[in-house]
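Data block below; observations after.
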Amino acid sequence: MKKNRTKQRFHFLALILGCYLLASCSFQSEQADLIVHNARIYTVDADFSVKEAMAIKDGIIIAIGPEREILNKYDAPKIIDAQKRPIYPGLIDAHCHALAFGKTLQEVDLVGTTSYDEVIARVKDYGTQHPEKKWIIGRGWDQEDWYEDYILKNYPSKTAISGDGTVTATDQQVGDFVLPFPNKQVLDSLFPETPVVLKRIDGHASLVNSKALELAGIREARTILGGDIQTNSKGQLTGILIDNAMNLVDQFIPESTEEEDIAAWLAAQASCFAHGLTTVDDAGLMLRDIQLIKKIQAENKLKLRIYAMMSDDSTNFNHYFTHGIDTSARLNVRAFKFYADGALGSRGACLLSPYEDLLPARKYGKLLSSVAHFRQSAYDLQKHGFQMCTHAIGDSANRVMLDLYGEIWGDNMSDHRWRIEHAQVVHADDINKFRLYNIIPSVQPTHATSDMPWAAERLGRGRVFRAYTYKDLKEQIGMLALGTDCPVEGISPFATFYAATARKDKSGNPVEGWQMENAISREDALRGMTIWAAIANFEDHHKGSLEAGKYADFVMLDRDIMEVNENKLLETEVITTVLGGEIVYKRE
């Protein structure tokens, strides 16, 4: 009996020890690299759920959920207490020109100039500060922003006279006023031996001086496919080149050095991280650019994730049609960018009916390449599995490209994810083609608020209501991708968010919003900058929402853009930007 009691006591002690060991194991935390907690995390998952904490390991989210659940289960050497601040997926700029933006920081900045005199002053200052420059390059002028200055100087009789004493062929009738493009005369006097190229804000027109024209061999106007060499009423060159005519001069501009391009990328990256952007879709790169990106990524200097749209160029076609799609965690090369037409601001957008403010001249704008070229390229892209992304501003350009996409894909609803970039003016008879052919609209909402002062004059009161129709476009396939088109517009995604939802300019005008029937909700705007942009990039399995198994790319803001009063949206600041679990920006 005593022996049995001893045996029972041993079993009891063994049971107690086993329970203790089991309890110890159950309370042992799993190891993570980073824990974020005490947050309001907008996951942008299918349910648009909001969580409190997440655990990250090896740059990937391994768990996300309630505060206590994450803290009880995981331990990490780095812990971020969000202090109830909002967190969102890393923002994606679905259409920009990041390299070009970085390069503008090395050139004459003409953005925000309110007169041609101010343009000239900035160019003079730049020339003085950089006497070593063999070419002076600038970007950002917009003659629409010079209206008040021009009226004060030139309209006592309401008859505009251009710089050389004549009304030029580029003059623009606005109401009772003629608002001309600038003329090269002053640049010629200041820089007789130094070529000067000043690009309009949209990148679809340039003002160049006589030295630049001389080097390009341009002595008189001639017919250019998809472009114009502007002259005045006397047949003299004004220095204004539109769309493809710009290439006649651009080809002579010395290529930037590798050091300059690296500096441009790193400057662009710093600005992107400071604005909460972790992925950019760079719309129009060359093979040379991709090779440099890979080099500086390998050195871990360039961490920004890049979705590359290759330019419409034989060098790019030959390489990628041979080697195929090229993807990695930080670089995805699977798309080509085409230009169907120009821009509304420089009247290069291709329209079905003439520009209202150029009547009775009946100017329609132009396609920038032949339909045959677009068709052959489209079939080649389909054959090799690449995405086609086409810049289309005018209703004629949109119709041509939508019909061509339909010819390629039909209405089989295949998951090709081909895109129309901008989709600014779409005829009522064509908008359903986005749904019919499963085409993704990729739009830049600040274009609407930048263009609204003059869009009705360009397009006419009837047609302007078919422009910037973001809600209508979203409803076609249930999504749209949002971008900035930087440096055409500013780089801030919060300006994108504000323009998409409030449809007002930076001054809060118009008070009631512009064409508010096509505003989108805040929820849809956030989706457009995250998960829908990721879908447009074939990257939704890696990014675009904060879910287990996806990249730990996220941004913490100083206010909740889903709830704050709209007049405070543009004041939004980034507290922290995290890419792959690494803090890449932290507010001072």
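The values are calculated or read from the model by the stated rules, or taken from the named source; none is laboratory data. Everything quoted here is computed from the prediction, not taken from an experiment. We place every Cβ from the backbone using ideal geometry, glycine too, and count neighbours over all the protein chains shown. Heads up: the accessible areas ignore ligands, DNA and RNA and are worked out on the full protein's heavy atoms, side chains in. Shrake-Rupley method; radii C 1.70, N 1.55, O 1.52, S 1.80 Å.
For segment 108-130, filtering for residues that are closer than 27 Å to VAL443 by Cα and open to solvent by less than 60 Å² (accessible area, probe 1.4 Å) leaves 3. Listed by position, the helices (runs of 4 or more DSSP H) contained in segment 413-501 that have at least 2 residues being under 22 Å from ARG527 (Cα atoms) and not aromatic (Phe, Trp, Tyr) are 432-436, 446-451, 470-477. Of everything in segment 82-104, what is within 17 Å of the chain's Cα centre (by Cα) and not in a strand (DSSP E or B)? Give them in sequence order. Correct list: GLY90, HIS97, ALA98, LEU99, ALA100, PHE101, GLY102, LYS103, THR104.
Scanning segment 168-192 for residues that are in a loop (DSSP other than H, G, I, E, B) and either modelled with pLDDT of 50 or more or among the β-branched types (Val, Ile, Thr) (or both) returns THR170, LEU179, PRO180, PHE181, PRO182, ASN183, LYS184, PHE191, PRO192. Take the conditions (1) touching a Lys or Arg at 6+ places or on another chain (Cβ under 8 Å); (2) open to solvent by 30 Å² or more (accessible area, probe 1.4 Å); (3) not aromatic (Phe, Trp, Tyr); ARG461 misses just one of them, which is (1). What do you reckon, is GLY549 open to solvent by 10 Å² or more (accessible area, probe 1.4 Å), assigned to a loop (DSSP other than H, G, I, E, B) and under 30 Å from THR327 (Cα atoms)? Yes. For segment 489-509, the criterion of being within 27 Å of LEU331 (Cα to Cα), in contact (Cβ under 8 Å) with a residue 12 or more places away in the chain and touching a Phe, Trp or Tyr at 6+ places or on another chain (Cβ under 8 Å) is met by at least one residue.
Taken over segment 105-141, the criterion of being assigned to a helix (DSSP H, G or I) and of a type in the set (S, T, N, Q) is satisfied by THR128, GLN129. The residues in segment 386-398 that are out of contact with any His (no Cβ under 6 Å at 6 or more places or on another chain) and not in a strand (DSSP E or B) can be counted, and the count is 5.
Using the structure shown, decide if LYS57 is surrounded by 10 or more Cβ atoms within 10 Å (Cβ to Cβ), modelled with pLDDT of 95 or more and touching a Leu at 6+ places or on another chain (Cβ under 9 Å). Yes: the conditions hold for LYS57. The number of residues in segment 193-215 being out of contact with any strand residue (DSSP E or B) (no Cβ under 8 Å at 6 or more places or on another chain) and in a helix (DSSP H, G or I) comes to 2.
Taking the criterion of being under 23 Å from the mean Cα position of the chain (by Cα) and hydroxyl-bearing (Ser, Thr, Tyr), the residues of segment 294-331 that qualify are TYR307, SER311, THR327, SER328. Take ASP451 and decide whether it is in contact (Cβ under 8 Å) with a residue 24 or more places away in the chain, farther than 18 Å from ASN518 by Cα and open to solvent by 10 Å² or more (accessible area, probe 1.4 Å). Spelling it out, it is not the case that ASP451 is in contact (Cβ under 8 Å) with a residue 24 or more places away in the chain, farther than 18 Å from ASN518 by Cα and open to solvent by 10 Å² or more (accessible area, probe 1.4 Å).
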